[in-house]
Amino acid sequence: MKLERRELSVQSKDFLENLRMYLFSSGKKEKEIDEVVEELSDHLEEAEQAGKNVEHIIGQSPEHYMKHLSEEMSTDYKGWTKFVPIFIIGVMAYFLLEDALQGTIHYSLLDLIGFPIVCLILLKVYMMTFKYLSKRKTSILKEFAVFYGVGLLSISLFIGLLLVKKNFGTPFIIVDSMLGRMIIGSLAVCIFVGMALWSKTWFSIFIPLIIFVPQFVTQFLQVSDKTEILLNSFLIFVGIIIFGIFELIKLKKLKAKSIY
C-alpha cells in the first residue's frame, strides 16, 4: 500500500519552484525539468522525514547546484526555435492592434528587421531576469522593482525603434482603409486569444486591455491632447502596477500551496 505523500516545507517548495524557473529560463526541456523536479522532490521528502533540509540534499549553495544541474542537462534548441517566433508574433500583435486603432498602418524595411531584433534582445533579458530571481531569495517588492525595470527597458527599446523609423524608415506597406484596419485589428485579437489558449494564462489578454482600454476611453473625454496623453499614461501605469502586484501575490500563494 502506497503511503500518502507529506507536504514539503516552505524552504523545499521554494527551492523546487526556483529550480524549475532556472532550468526553464536556461532552455531545458519541460519533460526533463518535470522529471528532475519530481525526483528531487522525493529525495527532499525523505530527507525531511529524517530531520534534514535542502542543504543536506544539494550539498552546496542553491545557486551552484542549479548551475551544475543545468550544465548536465541538454538544451532544448528545437523547442526554443518554436517558442521564439511565437514570442515575436505575440509582441507584434500589440503594435498591430495599436496601429489599427490609431489610424493609418505603415511599416518600413527597418520595422521588419529592427522589430525581431528588439524582441530577441528582450527575450534574452527576460530569461536572464528569471535566472537571476530564481537564484536569490527576494521580496515581492524587489521582484516588482526588477520586473518594472525590465518593463521600462522594453518600452525604451521600442520607443528608440520608433524614433529611428521616423527619421530613416521609408514605409512600403501602407493600410489606410477602414476594412483593412478592421482585418488587422481582428487578426491581432485572434493572436491574443490563441496565445492565451496556448499558454493557459490570461496574460496575453489582460495586458492589451490595460494598454488599449484607457486609450479608447479617453477618446470620448473633452480634454486637450496633452491631458489625454498624460491621462492615458497614468491609467496604463496604474493598471500595470495593479496587475503586477496581483500576479506576484498569486505566485507567492501558489508557491506556498504547492505539494511536490
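Could you please let me know if Trp202 is modelled with pLDDT under 75, under 15 Å from the mean Cα position of the chain (by Cα) and not basic (Lys, Arg)?
Values: modelled with pLDDT under 75: yes; under 15 Å from the mean Cα position of the chain (by Cα): yes; not basic (Lys, Arg): yes.
When the stated conditions are applied, Trp202 passes them.
Please enumerate the residues belonging to the range 233-260 that are at pLDDT 70 or above, farther than 15 Å from Tyr148 by Cβ and in contact with a helix residue (DSSP H, G or I) (Cβ under 7 Å, 6 or more places away or on another chain).
Answer for the range 233-260, where residues must be at pLDDT 70 or above, farther than 15 Å from Tyr148 by Cβ and in contact with a helix residue (DSSP H, G or I) (Cβ under 7 Å, 6 or more places away or on another chain): just Leu235.
For Asp42, only one of the following conditions fails: (1) on the phi < 0 side of the Ramachandran plot; (2) open to solvent by less than 50 Å² (accessible area, probe 1.4 Å). What is its number?
Unmet for Asp42, out of (1) on the phi < 0 side of the Ramachandran plot; (2) open to solvent by less than 50 Å² (accessible area, probe 1.4 Å): (2).
Take Phe15 and tell me if it is of a type in the set (Phe, Trp, Tyr), over 30 Å from Met182 (Cα atoms), part of a helix (DSSP H, G or I) and open to solvent by 50 Å² or more (accessible area, probe 1.4 Å). Before the answer, list the steps.
Details: of a type in the set (Phe, Trp, Tyr): yes; over 30 Å from Met182 (Cα atoms): yes; part of a helix (DSSP H, G or I): yes; open to solvent by 50 Å² or more (accessible area, probe 1.4 Å): no.
Spelling it out, it is not the case that Phe15 is of a type in the set (Phe, Trp, Tyr), over 30 Å from Met182 (Cα atoms), part of a helix (DSSP H, G or I) and open to solvent by 50 Å² or more (accessible area, probe 1.4 Å).
Which of the residues belonging to the range 83-97 are touching a helix residue (DSSP H, G or I) at 6+ places or on another chain (Cβ under 7 Å) and farther than 30 Å from Lys29 by Cα?
Leu96, Leu97
Which condition number in (1) open to solvent by 60 Å² or more (accessible area, probe 1.4 Å); (2) closer than 16 Å to Leu96 by Cα is the one that Arg181 fails?
Going through (1) open to solvent by 60 Å² or more (accessible area, probe 1.4 Å); (2) closer than 16 Å to Leu96 by Cα one by one, Arg181 breaks only (1).
Report the residue count in the range 46-64 for those that are over 23 Å from Ser25 (Cα atoms) and crowded, with 17+ Cβ neighbours inside 10 Å.
Adding up the residues that qualify gives 2.
Looking at Leu44, Leu109, which is the one that is modelled with pLDDT under 85, within 27 Å of Ile155 (Cβ to Cβ) and not charged (D, E, K, R)?
Working: Leu44 fails: within 27 Å of Ile155 (Cβ to Cβ).
Residue meeting the stated conditions: Leu109.
Identify all residues within the range 34-57 that are part of a helix (DSSP H, G or I) and free of Cβ contacts under 8 Å to residues at least 40 places away in the same chain; write none if there are none.
Filtering the range 34-57 for residues part of a helix (DSSP H, G or I) gives 34-49, 54-57.
Within the range 34-57, Asp34, Glu35, Val36, Glu39, Leu40, Asp42, His43, Glu46, Ala47, Glu55, His56, Ile57 qualify.
The values are calculated or read from the model by the stated rules, or taken from the named source; none is laboratory data. Fair warning: this is a prediction, and the values are worked out from it, not measured in the lab. Don't worry about glycine lacking a Cβ; one is built from the backbone with ideal geometry, like all the others, and counts go over all protein chains shown. Note: accessible area is taken over every heavy atom of the protein model, side chains too, but ligands, DNA and RNA are not part of it. Shrake-Rupley method; radii C 1.70, N 1.55, O 1.52, S 1.80 Å.
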